[in-house]
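Some notes on the structure that comes next.
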Amino acid sequence: MRIRLENGRIVTPQGVLDGADVTVADGTITALTPASGSGVERKIDLGGGWLLPGFIDTQVNGGGGVLFNDQADVDAIAAIGAAHARFGTTAFLPTLISDTPDQIAAALDAVDAAIEQGVPGVVGIHVEGPFINEVKRGIHEARRIRRLDADTLALLTAPRRGRVMLTLAPELCDTDDVRTLVKHGVIVSAGHTNATYDEMMAAIGAGLTGFTHLFNAMSPLHHRTPGAVGAAFDSESWCGMIVDDAHLHPAVVRLAVRAKGIERLMLVTDAMPSVGTGDTEFMLQGKRIMVRNGVCLFEDGTLAGTHLDMASALRNTVEVTGLSVPDVAVMASTTPAHFLSLDRYGALAPGKRADWVWLDKDLQPRGTWIGGEPVADAEEFARAAQ
């Protein structure tokens, strides 16, 4: 199918086009050129808005009223994906917060099954804990936290259909275990960690490549003890960042951009089940979490994930950094694709998947396509936002 995109700005690796003709076959972009001539089968008027590569979110705990920890099955993954598709997410990792070995196994199997069954958007799994530091656990359950053992290592390194991302505290893990995980294709990220700079750099040397929600729940940067944040800044790592005006001060977001650049920073949501619903509270492992002014909080004030979607994360980042929409789109699409080694994702270009999001002039979502097929439109978004 040849589609004409007009009256908008189409963000491509070669620059921004005012209009374009895109040809899609079997879910892949086979051609993308400036709009010209005739022969198009469909026209899409972007209304002065933007067409961006679909957002890729590496940390999605839930959405649409579903929490992955509570329902680790294909139906839950499909519901979470559908909720986030309304906000432009075309690829995501369902994320399991620190849980039991049996639940980790069930979650891994569920993601395999979802990918096999073709659930739109799911490209792997993020196992966040329980191999974390209790002093930086945040909302994670203390009773779930434990050391990585041989059985769980074998479980995590078994062949899978999609990407496997693991967040752990490197100071509580043998560097040989990090090497083993990486050797078997697991993407290892540091988070909920109190590691020293030296401990973190040793893990990076063993193959750790990511930092989960940079700054939050990790040893801070100090001029004599650089900590995890210092190691993040002093390495060729990728860093997820929650830009919701609650997890990070705007100045910190700007400093991170200057230190790492858009090619190493990824926007993430850390989304909870309230996203895509009007719910003002939900349960998380026995705790009642309240959604207040768009922020998810436990009764003691502990942040508990977010009520954030990727379109809002992009909008917030444009506002607090002054970066251009195309630059922030890199953080929402291209950089996470590189982090996950998803070669066919993260850009509007021939050979890439036909995954894109249409935002209006105010950067509000108007429609989402996965593999060239519409999965969410303006009417559906409006219903979700009620």
Charge tally for neighbours of GLU299 with beta carbon under 14 Å away, counting Lys, Arg as +1 and Asp, Glu as -1, is +1
Taking only C-alpha pairs under 8 Å that are 6+ residues apart, what is the relative contact order of segment 55-340 in percent? 19
Rounded to whole angstrom, the alpha-carbon centroid of segment 104-156 lies from that of segment 329-359 at a distance of 24
Step through the residues of segment 353-358 one at a time and calculate ³J(HN,Hα) from phi using the Karplus curve (6.51 cos²θ - 1.76 cosθ + 1.60, θ = phi - 60°), rounding each to whole Hz and writing x for Gly and Pro. 4, 7, 10, 8, 10, 9
What accessible area per residue comes out for the chain, rounded to a whole number of Å², with a 1.4 Å probe? 39
Restricting things to alpha carbons, find the Rg to Rh ratio for segment 54-141 using the Kirkwood radius for Rh. 0.97
Applying a 10 Å radius around every beta-carbon, put 296-304, 257-265, 333-341, 187-195 in order of their mean neighbour count, most first. 187-195, 333-341, 257-265, 296-304
Give the distance, in whole Å, between the Cα centre of segment 1-54 and the Cα centre of segment 176-240. 39
Counting only protein heavy atoms and using a 1.4 Å probe, what share of the accessible area of the chain belongs to carbon plus sulfur, as a whole percent? 48
The local net charge around LEU342, scoring Lys/Arg +1 and Asp/Glu -1 for residues other than LEU342 whose Cβ lies under 12 Å from its Cβ, equals +2
Mind pulling the angle between the C-alpha long axis of helix 310-321 and the longest principal axis of the chain? Nearest 10 degrees, somewhere in 0 to 90. 80
Which of THR167, ALA231, HIS192 sits farthest toward the positive end of the charge dipole of segment 55-340, with +1 on the Cβ of Lys and Arg and -1 on the Cβ of Asp and Glu? ALA231
Using the Kirkwood formula on the Cα atoms of the chain, what hydrodynamic radius do you get, in angstrom to one decimal? 20.8
For the chain, take the longest principal axis of its alpha carbons; what is the angle in degrees between that and the long axis of helix 250-260, to the nearest 10 within 0 to 90? 90
Can you tell me the dipole magnitude for the chain around its Cα centre, using point charges on the Cβ only (Lys, Arg +1; Asp, Glu -1), in Debye to the nearest 20? 660
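The values are calculated or read from the model by the stated rules, or taken from the named source; none is laboratory data. Just so it is clear, the model here is predicted, and its values are computed rather than measured. Neighbour counts run over all protein chains shown; Cβ positions are idealised from the backbone, glycine included. When the accessible area is computed, the model is the full protein with side chains, heavy atoms only, and any ligands, DNA or RNA have been set aside. Shrake-Rupley method; radii C 1.70, N 1.55, O 1.52, S 1.80 Å.
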